[in-house]
């Protein structure tokens, strides 16, 4: 049973650590609306082989976000799902066909500026359909190379000025769709998920436990506190991207 949970190229200690981390990062995303996917992929990058990182992270995120969307299904803003999925299909197709990666410095600075503008820029009642398609396409393209683009998608959802439960539910539903498309794309490109199946299942189960606990924290927050916390977290993540981008340009 233990051997089923431990891929040969990951090891026992690393596998147990990833299972525990999945619960913690799912709690973070359910309670604060963002951040769990980035933390998870950062640690997975240290503990897993590079060729497995993006596809395995994608499967785990499907489970994590599906659990979150499932227990808050009635709060999902369904009108954004169709255009977001259309954009995600386009972005995954382009990302899967191209071998050219965007310059990391330009990518980081561009993402940081977009996130900061979305958080602190003029309020809008809802994003237009074209904006949702573009967000889906660009974030899906990026996730084929970098994995965790939840911050980018969260910034788009935040511009809709939804309540805290609606925000988390809608963001989770978008990420389920995007990660599912990505996982299918990697499968078509030849990645073998079988050796990681046990670890993925265990991480999804522990992630669901973290989500359930995190939802209780979310329910106790009010919308004003939630959006303040979310704005601070998004801004900190954006500033980190901006710093990394400028550093890559050799300006520090």
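The values are calculated or read from the model by the stated rules, or taken from the named source; none is laboratory data. Owing to the predicted nature of the structure, the values given are computational and were not obtained by experimental measurement. Please note: Cβ atoms are built from the backbone with ideal geometry, for glycine as well, and neighbour counts cover all protein chains shown.
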- Of the residues in the stretch 4-19, those that are in a helix (DSSP H, G or I), exposed (fewer than 13 other Cβ atoms within 10 Å of the Cβ) and in contact (Cβ under 8 Å) with a residue 40 or more places away in the chain come to 4
- All positions within the stretch 140-158 that are closer than 14 Å to residue 61 by Cβ and at pLDDT 80 or above: 140, 153, 154
- State the number of residues belonging to the stretch 228-239 that are farther than 22 Å from residue 65 by Cβ and touching a residue at least 24 places away in the same chain (Cβ under 8 Å). 2
- Note on the structure: Residue hits (the stretch 25-53; touching a helix residue (DSSP H, G or I) at 6+ places or on another chain (Cβ under 7 Å), more than 17 Å from residue 172 (Cβ to Cβ) and assigned to a helix (DSSP H, G or I)) are 43, 44, 45, 47, 52, 53
- Message: Looking at the stretch 64-80 only, could you name the residues that are crowded, with 16+ Cβ neighbours inside 10 Å, assigned to a helix (DSSP H, G or I) and modelled with pLDDT of 90 or more?
- Response: 66, 75
- Could you please find all residues in the stretch 198-208 being surrounded by fewer than 16 Cβ atoms within 10 Å (Cβ to Cβ) and at pLDDT below 90? none
- Task: Report yes if residue 225 is surrounded by fewer than 22 Cβ atoms within 10 Å (Cβ to Cβ) and either assigned to a helix (DSSP H, G or I) or free of Cβ contacts under 8 Å to residues at least 12 places away in the same chain (or both), otherwise no.
- Result: yes
- Picked from the stretch 98-107 (must be modelled with pLDDT under 70 and outside any loop (DSSP other than H, G, I, E, B)), the residue nearest to residue 176 (Cα to Cα) is 107
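Residue-wise test of (1) over 28 Å from residue 85 (Cβ atoms); (2) under 19 Å from the mean Cα position of the chain (by Cα).
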{"residue": "136", "(1), (2)": "no, yes"}
{"residue": "150", "(1), (2)": "no, yes"}
{"residue": "205", "(1), (2)": "no, yes"}
{"residue": "211", "(1), (2)": "no, yes"}
{"residue": "218", "(1), (2)": "no, yes"}
{"residue": "223", "(1), (2)": "no, no"}
{"residue": "249", "(1), (2)": "yes, no"}
